[in-house]
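The values are calculated or read from the model by the stated rules, or taken from the named source; none is laboratory data. Note that the structure is a prediction, hence the values are computed from the model and not measured. Positions of Cβ are backbone-derived with ideal geometry, glycine not excepted, and every protein chain shown enters the neighbour counts. The area values use the complete protein model at the heavy-atom level, side chains included, leaving out ligands, DNA and RNA. Shrake-Rupley method; radii C 1.70, N 1.55, O 1.52, S 1.80 Å.
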Amino acid sequence: MLLLDTTLRDGEQTPGLSLTPEKKLMIARKLDEIGVNVIEAGSACASKGEMEAIRAIANEKLNADIASFSRIIPADVQAAIDAGANTVCLVAPTSDLHITKKLKKTREEVIEITAKCIELAKSHGLKVELLAEDGSRTATGELLAHFSNGISAGADRVCVCDTVGVLNPEATHELISTLVKKLKTPVAFHGHNDFGLAVANSLAAYRAGAGELHCTVNGLGERAGNAPLEEIALVLSYFYGVKTIELTKLYELSRLVETLTGIRPGNNKPLVGANAFTHESGIHVDGILKCASTYEPVSPEMIGRVRRFAFGKQSGRQGLQ
Ligand code: MN
């Protein structure tokens, strides 16, 4: 199972967030150290700073593939090539809503320009992941046609984006299963958390045969954010024994991103929130002191954290002692 981290692209689309090339480089190094397979480092076409950031990250010669986000515009693809990215995440809207209302093109035009963009990237030796924006609100037949067209043009992977987070686990499983059965190319899933289902949907995609999941550190991203990297990695390991990244460095990575973005995960955020491994009530503290697994599903050390006890109205004698 591959993990594509898009903290530096979709994560940076968090309202109010802007990362300098230096900060992006620091996060990219840590993502690589922890073992993320693909780092989507930004959009080279967006600005000089973005181009610089991607170039600096690509120059590090990390183990991870370095991807640049690109619209279906040849100049965007050229910017990814110029930045030295070895992968392009080419995003084409596929729902009627996005094609007619936003792009104001016909489906035929989208198919044609998508193929041209893929051929341009492939002619420069880049890997191409073809993303279907709003793929979750696209008729399955149209989605298959779009992906088949991309694969014929040379796409190495295809990805369903649940752009506004409207899938549920059953629908995700059905959609990804169909695509995996019909396409010979690896299928990825990009989940958003508008209904709090991004991780559940990503797990369903994995169970349906997806070969790559998209995520961001601390679940950063637009609106309710993306599927959080730390949760995806831990639940894959906990429920299915799937090894992805170095789990013991997850908290360190989370804190680095918190510090550099200035965005603190909510106190009750799973795994990385301040209270995720904090115990206050007397009954719980007593249990934890006798045997930690009484009130912890996994030990905090598993993700590189330590347990904390708090004192308050519900504290008991055992905890105090
Ligand atoms: Mn997204």
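In whole percent, what relative contact order does the chain give with Cα contacts below 8 Å and a gap of six or more residues?
15
What the phi angles of the stretch 116-129 give under the Karplus curve with 6.51, -1.76 and 1.60, with θ = phi - 60°, is a coupling list of 4, 5, 5, 4, 5, 5, 5, 5, 9, x, 7, 7, 10, 10 Hz, glycine and proline written as x. At 25 °C and 0.890 mPa s, what whole-number value in µm²/s does Stokes-Einstein give for the translational diffusion of the stretch 77-127, with Rh from the Kirkwood sum over Cα pairs? So the translational diffusion coefficient is about 208 µm²/s. Tell me whether the stretch 228-321 comes out rounded, prolate or oblate; compute the Cα gyration tensor, take square roots of the eigenvalues as a ≥ b ≥ c, and use a/c under 1.5 as the rounded threshold. Because a/c hits 1.5 or more and a/b fails to exceed b/c, the stretch 228-321 counts as oblate.
On the chain, 53 percent of the accessible area sits on carbon and sulfur atoms, based on a 1.4 Å probe.
Close amide H contacts of Ala274 (hydrogens built in the peptide plane, cut-off under 5 Å, sequence separation of 5 or more or a different chain): Asn267, Lys269.
Give me the net charge of His173's neighbourhood, meaning all other residues with Cβ under 14 Å from the Cβ of His173; Lys, Arg count +1, Asp, Glu -1. Mind dumping the intermediate values first?
Working: positive: Lys181, Arg207; negative: Asp162, Glu170, Glu174.
Result for the neighbourhood of His173: -1.
How do Phe311, Phe69 stack up against each other in accessible area, from largest to smallest, with a 1.4 angstrom probe?
Details: Phe311 125, Phe69 40 Å².
The residues order as Phe311, Phe69, largest area first.
Computed from Cα positions, the angle between helix 140-153 and the longest principal axis of the chain comes to roughly 70 degrees. Shown here for the stretch 223-274: trypsin sites (Lys or Arg not before Pro) in loop regions (DSSP other than H, G, I, E, B) with at most 13 other Cβ atoms within 10 Å, namely Arg223, Lys243. Modelled spin-label separation between Ser152 and Met1, with each label point placed 7 Å from Cα along the Cα-to-Cβ direction: 3.4 nm.
Equivalent-ellipsoid semi-axes for the stretch 149-249 (Cα gyration tensor, √(5λ), whole Å, largest first): 22, 16, 13.
Along the stretch 304-321 the Karplus relation, 6.51 cos²θ - 1.76 cosθ + 1.60 evaluated at θ = phi - 60°, assigns HN-Hα couplings of x, 10, 10, 6, 10, 10, 10, 10, x, 4, 8, 5, x, 4, 4, x, 4, 4 Hz to successive residues, with x for each Gly and Pro.
Helix 198-207 and the long axis of the chain differ in direction by around 70°, with both axes built from C-alpha atoms. When the chain is treated as a GNM with alpha-carbon contacts under 10 Å, the residue of Pro74, Pro15, Pro93 showing the greatest mean-square fluctuation is Pro15.
Net charge near Ala208, counting Lys/Arg +1 and Asp/Glu -1 over other residues with Cβ under 11 Å of its Cβ?
Working: positive: Lys181, Arg207; negative: Glu170, Glu174.
Summing Lys/Arg as +1 and Asp/Glu as -1 gives 0.
Based on protein heavy atoms only, the chain ends up with 44 Å² per residue of surface accessible to a 1.4 Å probe. Of the cross-linked pairs Lys30/Lys61; Lys127/Lys243; Lys269/Lys290; Lys24/Lys48; Lys23/Lys48, those separated by over 22 Å at the C-alpha level are Lys127/Lys243; Lys269/Lys290. Over the chain, the pair-distance histogram of Cα-Cα distances with 20 Å bins from zero comes to 32, 54, 12, 1 percent, rounded to whole numbers. Residues whose amide H comes within less than 5 Å of that of Gly42, counting only those at least five positions distant or on another chain, are Phe69 (H built at 1.01 Å from N in the peptide plane). The peptide list 42-51, 264-273, put in order of mean Cβ contacts within 10 Å with the highest first, becomes 42-51, 264-273.
Computed from backbone phi with θ = phi - 60° and the Karplus coefficients 6.51, -1.76 and 1.60, the 3J(HN,Hα) list for the stretch 53-60 is 4, 5, 4, 4, 5, 5, 5, 6 Hz; x is used for glycine and proline.
Leu19 sits among other residues whose Cβ lies under 14 Å from its own Cβ, and their net charge, with Lys and Arg +1 and Asp and Glu -1, is -3.
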